[in-house]
Amino acid sequence: MAILIKSEAEIEKMRISGIALRKVHDAVKSAVRVGATTMDLERVAAAKMDELGVQPAFLGYHGYPAVLCTSVNAEVIHGIPSERRLLKEGDVVSVDCGVIVEGYYSDAAVTHPVGKISPEVEKLLRVTEASLYAGIRKAVVGGRLFDISHAVQSMCEAEGYGVVRDFVGHGIGKNMHEDPQLPNYGAEGKGPRLKAGMVLAIEPMINMGSPEVKVLEDGWTALTADGSVSAHFEHTVAITKNGPLILTL
Ligand code: MF3
Ligand code: CO
């Protein structure tokens with residue numbers, strides 16, 4: 001399928017979706033604390049979506065049972081919120097969430113520290129988030145898709161981290177997942193040419209150890225094969241003639 005180009009009016013709608021999503025993320029962030037469960041975060045997110053009058057993008061997606069993905073420590077993505085998963089001092093929890101507003105999707109993720117975390121894990125979070133922004137800076141008219149990938153990969157591998165191969169970013173619009181797929185690894189100067197009106201979910205998933213992941217028996221939870229901690233940061237970004245426009249700020 002071709003990469004769909006959005007009009008300025010559509011991008012404006014996606015920005016409204018992204019702003020609502022950010023409010024959900026802010027509410028979740030303030031609920032992250034030692035002793036909270038990942039189901040507590042799910043309830044906060046669901047309540048905020050209700051209050052804002054927006055729809056969850058994940059609930060029911062291929063049968064996914066929640067509005068949030070909450071992935072703790074070695075869980076990379078798609079952790080399912082649970083009453084039994086208690087956050088403890090030194091954990092990290094990756095919160096991934098999407099909403100739909102007037103038919104337009106937005107998608108964003110952030111890895112939160114729980115209490116005081118180790119300097120090593122704190123650096124993983126810092127570098128992963130910085131690599132997201134390095135990728136975003138390459139989301140410009142006339143560039144190539146894998147310039148984004150390369151920027152993420154080179155920054156993270158320079159620190160010895162593993163760039164997850166099995167999951168990728170994606171185009172987004174009236175569907176959560178549109179073309180193109182956007183790997184977090186690739187060669188500079190390669191891939192489709194970037195045009196104004198493309199909207200991408202850029203989402204580095206970075207492991208402190210090897211890039212390998214495995215999926216649990218629940219069919220969803222992806223965790224690092226070597227048990228190392230993983231981080232995930234994501235924004236929905238529009239490519240415009242004035243440069244990258246982050247819709248989920
Ligand atoms: N946020 C994920 C992505 O970027 C989608 C979550 S899968 C779901 O592709 F099932 F939880 F919705
Ligand atoms: Co995504």
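Derivation of every value follows stated rules applied to the coordinates shown; laboratory data play no part. Predicted model only: the values in this text are computed from it and were never measured. Every residue, glycine among them, receives a Cβ derived from its backbone with ideal geometry; neighbour counts consider all protein chains shown.
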| Translational D in µm²/s for the chain (Stokes-Einstein at 20 °C, 1.002 mPa s, Kirkwood Rh from C-alpha pairs) | 120 µm²/s
| query | Where does the stretch 3-100 land on the Kirkwood hydrodynamic radius, alpha-carbon pairs, in angstrom? | reply | 14.1 Å
| task | Compare the peptides 132-138, 199-205 by average per-residue count of other Cβ atoms within 10 angstrom and give them in order, highest first. | result | 199-205, 132-138
| query | Among the lysines, which fall within straight-line cross-link reach of Lys195, defined as a Cα-Cα distance under 17 Å, with same-chain neighbours fewer than 8 residues apart omitted? | reply | Lys6, Lys138, Lys241
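Quick one: length gained pulling Ala2 to Leu86 fully straight, 0.36 nm per residue minus the C-alpha distance?
Numbers: separation 84, 0.36 × 84 = 30.24 nm, distance 4.31 nm.
Length gained, Ala2 through Leu86: 25.9 nm.
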| said: Considering all alpha-carbon pairs of the stretch 54-159, what whole percent are spaced by more than 23 angstrom? | reply: 42 percent
| message | No solvent, one uniform scatterer per C-alpha: report log10 I(q)/I(0) for the stretch 192-249 via the Debye equation at q = 0.13, 0.15, 0.17, 0.28 1/Å, two decimals. | response | -0.51, -0.62, -0.70, -1.05
| said: Amide H of Ala201 versus every other amide H placed in the peptide plane: which residues, excluding those fewer than 5 positions away on the same chain, fall under 5 Å? | reply: His170, Gly171, Ile172, Val237
| task | Using only alpha carbons, build the gyration tensor for the stretch 106-249 and give me the equivalent ellipsoid semi-axes, biggest first, whole Å. | result | 25, 16, 15
| said: In the chain, once you exclude exposed GluC sites (Glu not before Pro) (DSSP loop, at most 12 other Cβ within 10 angstrom), what's the longest stretch remaining? | reply: 103-216
| trypsin sites (Lys or Arg not before Pro) restricted to DSSP loop in the stretch 147-207 with at most 12 other C-beta within 10 Å | Lys190
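Per DSSP H run of at least 4 residues, take -39500 (n - 2.57); add these up for the chain, divide by its residues and hand me the 222 nm value, nearest 500 deg cm²/dmol.
Details: 4 runs with 71 residues, N = 249.
Using -39500 (n - 2.57) per qualifying helix, the result is -9500 deg cm²/dmol.
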| remark: A correct fewest-to-most ranking of Tyr64, Tyr104 by other Cβ atoms within 10 Å would be Tyr64, Tyr104
| task | Name the residues whose placed amide hydrogens come within less than 5 Å of the amide hydrogen of Asp226, ignoring near sequence neighbours (fewer than 5 apart) on the same chain. | result | Ser210
| request: Fewest Cβ neighbours within 10 Å first, please rank Ile5, Ile11 accordingly. | output: Ile5, Ile11
| request: Pull out a ≥ b ≥ c, the square roots of the eigenvalues of the alpha-carbon gyration tensor of the stretch 77-123, then state rounded if a/c is under 1.5, prolate if not and a/b is larger than b/c, and oblate in the remaining case. | output: oblate
| field | Inverse of mean 1/r across different Cα pairs in the stretch 141-199, Kirkwood, Å | value | 12.0 Å
| remark: Listed by chain and number, the lysines with an alpha carbon less than 21 angstrom from that of Lys23, same-chain partners under 8 positions apart left out, are Lys13, Lys48, Lys174
| Length gained when the stretch Ser210-Leu249 is fully extended (0.36 nm per residue, less Cα-Cα span) | 11.0 nm
